[in-house]
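Colleague: Have a look at this one before I ask anything.
The values are calculated or read from the model by the stated rules, or taken from the named source; none is laboratory data. Predicted model only: the values in this text are computed from it and were never measured. Here Cβ is always computed from backbone atoms with ideal geometry, including for glycine, and neighbour counts include all displayed protein chains. Side chains are part of the model used for accessible areas, which takes the heavy atoms of the whole protein and leaves out ligands, DNA and RNA. Shrake-Rupley method; radii C 1.70, N 1.55, O 1.52, S 1.80 Å.
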Amino acid sequence: MADLQTAPVELEPREETKPRKRRSRRSLWVFLAILAGFVVYAYGFQVVDVNLDRIGDPTRQQRFSNVIRALGSPDLLTYETVATNVDVEFAMPCPAGGFTPAASGGGASITVDPACADPRAVVTISGSGFQPNEAINIFFVPPNGLELRVAQARSSSDGSFTVEAQLPNRPDEAVQIIRATSRERVGSIFNPEYVASGDVDEDGNEIMLRSPRWSANAEATWKGIIETIFLALLATTVGTIIAMPLSFLAARNLMSDVRLPALNVGLAIVALPIGAALGWYAAMGGALLIGQLPDLWWLLALVVAGLVWLGLRALRLAVPLPGTERSATARLAAGLGATAAFLIAAMTMVRFMQIGGGDAAAVLGPLAFLGTFVERLGEILALAFGVLAAVAGAIALAIFASKLSYGIAKRVGERVYLVLSVIACGLAGAVVAVGIGQLLAWLYQIVDRTSTVVVPGLVGAVVGVAIGIWGWRKGQLGSGLGIYYIFRTLFNALRSIEALILALVFVIWVGLGAFAGTLALALHTVAANAKLYSEQVESISSGPLEAVRATGATRLQTVVYAVVPQIVAPFIAFTMYRWDINVRMSTIIGFVGGGGIGLVLQQNINLLNYRGAAAQILAIAIVVAAMDYVSSRLRERYV
């Protein structure tokens, strides 16, 4: 009984001890965390060199105040001014018996103390009756009328000033003049006036200038902000068009289930460079063929129409209607014919845009920019056509090679299929490794072919063979995830490079101006938007995907009917937000010659013209605020 009575007495302190220990430990950890934060921020203050003594420096305070006042008075208007001279007589040297200057009339007046002095002497000049906060120049005027500035002053709020000035070494027995010159603005914003400029026009009439009027800085700001808006618009448009299809390849939920046999993957990779070469040479041959046509836009239009008609006829033969029987050979030949017809029609259309756009620009007068736009589009497509044809050829032949492997699998045995898979993967590994070796050879100017072709080819072949054997054992390779990781890595690498650096590179390539800035922002937009788009695709609901897949839809149909309806609204929001970002980023890339308002802003800052810089900052703020308002209204209506 004694033991039973003492047992609860022994357990109570133990149960209370555990919470106390936990609270003690928690308090200790909190104290250590606070101490660690204190040490980190103390060291951070040392690294950043926080020095409040500089803030209290009167000179720095005055400079800071001047800059803030300048930024608060943007240079938007320019005023014509009228000079007002206030004179007082002065003797140098002092005549016998002293010198008393004549009294000045009403209005502004100045006095000199003393009224006469020897050359190089320092006198005190005081004035009253001037406009408040007015800049005043003090001149010494000898008898020959030459104005020699000896001091500058600024009137106070009551229109008075006092300044000391050293006299020049210009002694003369005649009476000389001390002159205070101020310049008064003509007109106001609500009551402008016209003043004579001093020049005459062709008819001999005196030219009158409106005061106030927009300053040269305001006109430069207007041109710069318009250039910035359209620079950002073009960059956003091009970047978005490229980023949208690529974002589906960087979405894990769409690519994770894409698995192909090793033979399919190997043949597709081997077919990529072959298809690219065929597409490139086909484009070059088509360009030579089109180049033989006369530079007549109407003839080019007829050729385009005829080729499109032939291409459509061939396409109907390649894809016959249900119930129509045609051999595979006939369908393949018709498909190749349709491809060739459409390819040559597209190249002819590019030539038509170049010729027709130039002819239209010559006759459109004020709307000549429309024809120039078409001509420039033709030039851009002509430059990009070879690359586009190479990409199209590579994709088409890779798809064809991948489909071909299914037919091979039906016609050969298991061992032969294994051998073909290993050989195809070995060749694919060699192709990839040699391609990387050639890139490194160009980048680092390596001329040793053994190091860039033979060794990478052998290593890549060995790795490819290993992957082929592993894929054969597994049954399929996760090719979708491979594509996913490739594109995600590419986007992350591009996003890690600031648009400022990209602008520097493009300025070297295409020269100073907005074109370089457009290319830099477009490339950065591709990487940034593709990442945002792909993450949005990854966050969609899986229900519609599974429902559409259950109907037996193809992968393209699944994307169109299950993915796209869920991402339209966020894609629009991301695109408008990117335009807003590009407007602000164009200000920065202008500092390295990327065009836009940033170039004008940099020039004013370098010249310490803060009033001019304030006009550009105000324009940027207005445009960003306006775009935010417009985008919010668009999101309310369409998103």
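Colleague: Among the residues of the stretch 43-61, which ones are open to solvent by 100 Å² or more (accessible area, probe 1.4 Å) and either closer than 23 Å to N609 by Cα or at pLDDT below 80 (or both)? If you could, list the steps in order and put the result at the bottom.
Modeller: Here is the first cut: in the stretch 43-61, the ones open to solvent by 100 Å² or more (accessible area, probe 1.4 Å) are 43, 45-46, 48, 52-55, 60.
Selection gives L52, D53, R54, I55, R60.
Colleague: Oh, and also: Looking only at the stretch 510-547, count every residue that is at pLDDT below 85 and hydrophobic (A, V, I, L, M, F, W, C) and tell me the total.
Modeller: Of the residues in the stretch 510-547, 2 are at pLDDT below 85 and hydrophobic (A, V, I, L, M, F, W, C).
Colleague: Just to be sure before I move on: is G187 in contact with a strand residue (DSSP E or B) (Cβ under 9 Å, 6 or more places away or on another chain), on the phi > 0 side of the Ramachandran plot and either in a loop (DSSP other than H, G, I, E, B) or among the aromatic types (F, W, Y) (or both) in the structure I sent? Steps first, please.
Modeller: Details: in contact with a strand residue (DSSP E or B) (Cβ under 9 Å, 6 or more places away or on another chain): yes; on the phi > 0 side of the Ramachandran plot: yes; either in a loop (DSSP other than H, G, I, E, B) or among the aromatic types (F, W, Y) (or both): yes.
Yes; evaluated as a whole, the condition is true for this residue.
Colleague: Now a separate question. Inside the stretch 371-402, can you point out the residues that are more than 30 Å from V270 (Cβ to Cβ) and touching a Leu at 6+ places or on another chain (Cβ under 6 Å)?
Modeller: G371
Colleague: Looking only at the stretch 78-98, count every residue that is open to solvent by less than 50 Å² (accessible area, probe 1.4 Å) and free of Cβ contacts under 8 Å to residues at least 40 places away in the same chain and tell me the total.
Modeller: 1
Colleague: Taking only pairs six or more apart or across chains, which ones have beta-carbon atoms under 6 Å, a first residue in the stretch 138-164 that is within 12 Å of I177 (Cβ to Cβ), and a second residue that is open to solvent by 100 Å² or more (accessible area, probe 1.4 Å) and in a strand (DSSP E or B)?
Modeller: Taking only residues 6 or more apart or on different chains, the pairs are F139/R149.
Colleague: Moving on to the next point. Taking the stated definitions as given, is I355 at pLDDT 80 or above, open to solvent by less than 80 Å² (accessible area, probe 1.4 Å) and farther than 30 Å from W472 by Cβ?
Modeller: Values: at pLDDT 80 or above: yes; open to solvent by less than 80 Å² (accessible area, probe 1.4 Å): yes; farther than 30 Å from W472 by Cβ: yes.
Yes.
Colleague: Next question. For the stretch 406-420, give me the residue count where each residue is free of Cβ contacts under 8 Å to residues at least 60 places away in the same chain and open to solvent by 60 Å² or more (accessible area, probe 1.4 Å).
Modeller: From the stretch 406-420, those free of Cβ contacts under 8 Å to residues at least 60 places away in the same chain are 407, 410-416, 418-419; that's our starting set.
Still in the list and also open to solvent by 60 Å² or more (accessible area, probe 1.4 Å): 410-411, 414-416, 419.
Result for the stretch 406-420: 6.
The rows are residues; the columns are (1) β-branched (V, I, T); (2) assigned to a loop (DSSP other than H, G, I, E, B); (3) farther than 30 Å from R213 by Cβ.
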{"position": "R120", "(1), (2), (3)": "no, yes, yes"}
{"position": "T124", "(1), (2), (3)": "yes, no, yes"}
{"position": "Q131", "(1), (2), (3)": "no, yes, no"}
{"position": "I177", "(1), (2), (3)": "yes, no, yes"}
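Colleague: How many of the residues in the stretch 357-405 are aromatic (F, W, Y) and touching a residue at least 24 places away in the same chain (Cβ under 8 Å)? Even if it seems obvious, please write down each step before you answer.
Modeller: Our first condition is that a residue be aromatic (F, W, Y); within the stretch 357-405, this holds for 369, 373, 385, 400.
Narrowing the set further to residues that are touching a residue at least 24 places away in the same chain (Cβ under 8 Å) leaves 385, 400.
So the count comes out to 2.
Colleague: How many residues are assigned to a loop (DSSP other than H, G, I, E, B) and either touching a strand residue (DSSP E or B) at 6+ places or on another chain (Cβ under 6 Å) or at pLDDT 80 or above (or both) if we restrict to the stretch 202-220?
Modeller: Our first condition is that a residue be assigned to a loop (DSSP other than H, G, I, E, B); within the stretch 202-220, this holds for 202-205, 212, 215.
Filter again for either touching a strand residue (DSSP E or B) at 6+ places or on another chain (Cβ under 6 Å) or at pLDDT 80 or above (or both), leaving 212, 215.
Of the residues in the stretch 202-220, 2 are assigned to a loop (DSSP other than H, G, I, E, B) and either touching a strand residue (DSSP E or B) at 6+ places or on another chain (Cβ under 6 Å) or at pLDDT 80 or above (or both).
Colleague: Just give me the residues in the stretch 475-498 being β-branched (V, I, T) and open to solvent by 80 Å² or more (accessible area, probe 1.4 Å), in sequence order. Break it down into steps so the answer makes sense when it comes.
Modeller: Residues of the stretch 475-498 that are β-branched (V, I, T), as a first pass: 483, 486, 489, 497.
The answer is I486, T489.
Okay, residues lined up against (1) among the charged types (D, E, K, R); (2) open to solvent by 10 Å² or more (accessible area, probe 1.4 Å); (3) in a helix (DSSP H, G or I); (4) more than 26 Å from E498 (Cβ to Cβ):
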| site | (1), (2), (3), (4) |
| --- | --- |
| K531 | yes, yes, yes, no |
| I540 | no, yes, no, yes |
| V563 | no, no, yes, yes |
| Q566 | no, yes, yes, yes |
| R578 | yes, yes, yes, no |
| N582 | no, no, yes, no |
| I588 | no, yes, yes, no |
| Q602 | no, yes, yes, no |
| I617 | no, yes, yes, no |
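Colleague: Within the stretch 84-109, track down each residue that is part of a strand (DSSP E or B), touching an Asp or Glu at 6+ places or on another chain (Cβ under 8 Å) and either small (G, A, S) or under 19 Å from S182 (Cβ atoms) (or both).
Modeller: Residues of the stretch 84-109 that are part of a strand (DSSP E or B), as a first pass: 84-92, 109.
Those left that are additionally touching an Asp or Glu at 6+ places or on another chain (Cβ under 8 Å): 84, 92.
The one that is part of a strand (DSSP E or B), touching an Asp or Glu at 6+ places or on another chain (Cβ under 8 Å) and either small (G, A, S) or under 19 Å from S182 (Cβ atoms) (or both): T84.
Colleague: Hey, another quick one. So W472 passes all but one of these: (1) modelled with pLDDT under 85; (2) open to solvent by 90 Å² or more (accessible area, probe 1.4 Å); (3) in contact with a Leu (Cβ under 9 Å, 6 or more places away or on another chain); (4) in a helix (DSSP H, G or I). Which condition number does it fail?
Modeller: (2)
Colleague: Somewhere in the stretch 106-117, is a residue surrounded by fewer than 17 Cβ atoms within 10 Å (Cβ to Cβ) and among the aliphatic types (A, V, I, L, M)?
Modeller: Taking every residue of the stretch 106-117 in turn, none turns out to be surrounded by fewer than 17 Cβ atoms within 10 Å (Cβ to Cβ) and among the aliphatic types (A, V, I, L, M).
Colleague: When you scan the stretch 608-629, do you find a residue that is under 16 Å from the mean Cα position of the chain (by Cα) and at positive phi, even just one?
Modeller: no
Colleague: Any idea which residue in the stretch 223-262 is nearest to R549 (Cα to Cα), counting only those that are open to solvent by 10 Å² or more (accessible area, probe 1.4 Å) and either of a type in the set (D, E) or touching a Cys at 6+ places or on another chain (Cβ under 8 Å) (or both)?
Modeller: D257
Colleague: Test V238 against the stated conditions and say whether it is touching a residue at least 12 places away in the same chain (Cβ under 8 Å) and either β-branched (V, I, T) or in contact with a strand residue (DSSP E or B) (Cβ under 6 Å, 6 or more places away or on another chain) (or both).
Modeller: Numbers: touching a residue at least 12 places away in the same chain (Cβ under 8 Å): yes; either β-branched (V, I, T) or in contact with a strand residue (DSSP E or B) (Cβ under 6 Å, 6 or more places away or on another chain) (or both): yes.
When the stated conditions are applied, V238 passes them.
Colleague: Sort through P322, P273 and tell me the only one that's on the phi < 0 side of the Ramachandran plot, open to solvent by 40 Å² or more (accessible area, probe 1.4 Å), at pLDDT below 85 and not hydrophobic (A, V, I, L, M, F, W, C). Step through it out loud before you land on a result.
Modeller: Details: P273 fails: at pLDDT below 85.
Within the list P322, P273, the selection yields P322.
Colleague: A further question on this structure: Being under 30 Å from G187 (Cβ atoms) and at pLDDT 85 or above: is that true of L35 here? Walk me through it before giving the result.
Modeller: On the way: under 30 Å from G187 (Cβ atoms): no; at pLDDT 85 or above: yes.
Answer is no for this residue.
Colleague: Have a look at A174, A165 and point out the one that is closer than 14 Å to V88 by Cβ and either open to solvent by 40 Å² or more (accessible area, probe 1.4 Å) or not basic (K, R) (or both).
Modeller: Working: A174 fails: closer than 14 Å to V88 by Cβ.
Result of the check over A174, A165: A165.
Colleague: Moving to a separate point now. Looking at S188, S109, which one is more than 19 Å from Y79 (Cβ to Cβ) and free of Cβ contacts under 8 Å to residues at least 40 places away in the same chain?
Modeller: On the way: S188 fails: more than 19 Å from Y79 (Cβ to Cβ).
Of S188, S109, the one residue that is more than 19 Å from Y79 (Cβ to Cβ) and free of Cβ contacts under 8 Å to residues at least 40 places away in the same chain is S109.
Colleague: For I572, work out the one condition from (1) buried (at least 17 other Cβ atoms within 10 Å of the Cβ); (2) closer than 20 Å to V238 by Cβ; (3) of a type in the set (A, V, I, L, M, F, W, C) it doesn't fulfil.
Modeller: So the condition that I572 fails would be (1).
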